[in-house]
Amino acid sequence: MDPLSIPLIPTDSNKPSPEFFQQFEKKFKALADEKRLEILYEITRQGSVCVCDLSETIEMKQSKLSYHLKILLDAELITKETKGTWNYYQLNYTELNTLLSEKLCCVFRADDE
């Protein structure tokens, strides 16, 4: 579900809905790891990268790398494309831009009085 389609403010309250926050929880948990941030950086730098090449760049065994990639995939921060026997990963710019959107930022901004 697109987080931007979830109502920020329910009709009976001034507080954001629980669903609004739940959409972001998994994404921020995925980002709260140094190795996963390094993986995202390498994917950004290379554009589309095979797990075999990423394993060498990150200096991590493919099994452990696959674990981190699964978390990023589940959080919808990256996408996967299968070509032959290899998986290639790209950033999901739509989701990353949602994390940086005004809609989320405004929830934590103090009102100017």
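Any read-out appearing in this document is the output of simple, stated calculations on the displayed coordinates, not a laboratory observation. Every value quoted in this text rests on a predicted model; they were computed, and no experiment measured them. Here Cβ is always computed from backbone atoms with ideal geometry, including for glycine, and neighbour counts include all displayed protein chains.
Among the listed residues E59, E38, E81, identify the single one that is at negative phi, without any contact (Cβ under 8 Å) to a residue 60 or more places away in the chain, loosely packed, with under 13 Cβ neighbours inside 10 Å and not β-branched (V, I, T). Don't jump to the end; show me each part of the working.
Numbers: E59 fails: at negative phi; E38 fails: loosely packed, with under 13 Cβ neighbours inside 10 Å.
The match here is E81.
The single condition among (1) closer than 21 Å to Q22 by Cβ; (2) under 11 Å from the mean Cα position of the chain (by Cα) that L91 does not satisfy is (1).
Among the conditions (1) touching a residue at least 40 places away in the same chain (Cβ under 8 Å); (2) not in a helix (DSSP H, G or I), the only one that K27 does not satisfy is (2). Of all residues in the range 78-93, those satisfying the criterion of being within 13 Å of G47 (Cβ to Cβ) and hydrophobic (A, V, I, L, M, F, W, C) are I78, L91.
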